[in-house]
Amino acid sequence: MKKLKYILFSGILLLAGACDKNLDIEPLQSVSENVALDSDANVKLVLQGAYDNLSKDGMYGGNLFRDAELLGSDGEVRWVGTYSDPRDIFNHDMDAGNSDVENTWAIAYQTINSCNNVLSALDIVNAEDRDRVEGEAKFIRGVCYFELVRLFSRPFEEAGSGGHLAVPVITTPTRGVTENSYVVRNSIDEVYDQVLSDLLRAIEVLPEDNGVNVSKYAAVGMAARVNMMLRNYEEAHSLAVAVIASGNYSLVSNYSDLWNQDDDTDEALFSIQVSALDGVNELVTFFSIPEFGGRDGDIEIQSSHLALYDPTDTRLALFYDGNGAMRTGKWKNQYKNIPIIRLAEMYLIAAECEAHLFGNGAVYLNPVRERAGLAPVNQAFAADVVMERRRELAFEGHKIHDIKRVRGTVDGLNYDAPELVFPIPAREIEVNRNLEQNDGY
């Protein structure tokens, strides 16, 4: 049987193993065109592989969100687990050999390469499906670059980001090691340009209803999130309001019913589908306890976070005492879906944008507050909406990114501190002479 050895070269999974005389296997991420991209069915199989990669632990399978919460903990959560790599992220003491950081980089670029393979073979896809396949591949590629630029580069600044390094932008398939494989890091602006280009094309060609796969309004919602990160308030507002006004989604009346579901709720724009047969929810692994399929309760919710809620806030009911500490019920049960984008975030984006643009975000903030059993307000400034995000979107992977976006501090560190940026993985530096390391590593 063939032995496969995978080498990460600038983040792309390349086939480098030898085989015996009996079996020759090529993985979808690096197969030759005449094997994997020779039919409509095979191109769609590679696209399904991109979804599968996106759902792995280092990306939307959970650890990407876990690490964003640990990096932005600021006394609201505590890591008590035995694993050293997440502990180093929590302590802002990472090194370039951190396996969790390395895993996120590797899986993101594996996923990007799958998308690049699909996009290189669109002419093979049945004409009636071609736009949809392109839109799904560009959405997935765009969100991978979005997560990479947010974690592996310094925060975006309206002036001065252009010259700062982010991550390599690769838009063609990597199928072998050549001189072209020694890629350089693109600038922050260039990566964000690629992200928005991919998402805007996805918005153009995706259908509104696409089953559990990514749809038009998932792309609209993600584009709103990206523009919010860039502080493009007018564009973010327009996109978020478009999702709300579409009528395709509605706020779930009971906040607790959003979580630990087998099927998407009416509020979900896009979710990672998890079942006992397929998928992974590492948020459960680290936030939950053995009784519900977690480890030993590696992440504890601190009283400083609970103090953020009004005593009448119904979202408090989701917290529970387990293994001697407070836990979030969002990630309680194994094999349940992971909501990636939901309607409440769109309300909060619209509210914060209106607070910046017009001085009052109350109109879009109030539906989120009232769902939580809180009285509506007549006035909401940007800081009020940011605080509401902290409660509504807690432990969903937004924490460090919101801190950077509003230029705050975390655990005594300024938002642009080198300790809050992931290192370029050491093995990537070793195999690619053109990659430069981040400051502080």
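No value in this document is a laboratory result; all are computed from the given coordinates. Everything quoted here is computed from the prediction, not taken from an experiment. Every residue, glycine among them, receives a Cβ derived from its backbone with ideal geometry; neighbour counts consider all protein chains shown.
Below 13 angstrom from the Cβ of residue 412, what's the summed charge of the other residues (Lys, Arg +1; Asp, Glu -1)? Summing Lys and Arg as +1 and Asp and Glu as -1 gives -3.
Within 10 Å of each residue's Cβ, count the other Cβ atoms and sort 308, 119, 283 from fewest upward.
Values: 308 15, 119 19, 283 27.
The order, fewest Cβ neighbours first, is 308, 119, 283.
Of the residues 286, 156, the one with the fewest other Cβ atoms within 10 Å heads the list, and the complete ranking is 156, 286. Mean sequence separation of contacting Cα pairs (under 8 Å, at least six apart), scaled by the length of the chain, corresponds to a relative contact order of 20 percent. The residues 401, 164, 237, when put in order of fewest to most other Cβ atoms within 10 Å, stand as 164, 401, 237.
Which of 44/332; 330/404; 44/404; 44/399 have a Cα-Cα distance over 30 Å? As for pairs spanning more than 30 Å Cα to Cα, those are 44/332; 44/404; 44/399. GNM on the chain, alpha-carbon springs under 10 angstrom: the most fluctuating residue among 227, 210, 337 is 210.
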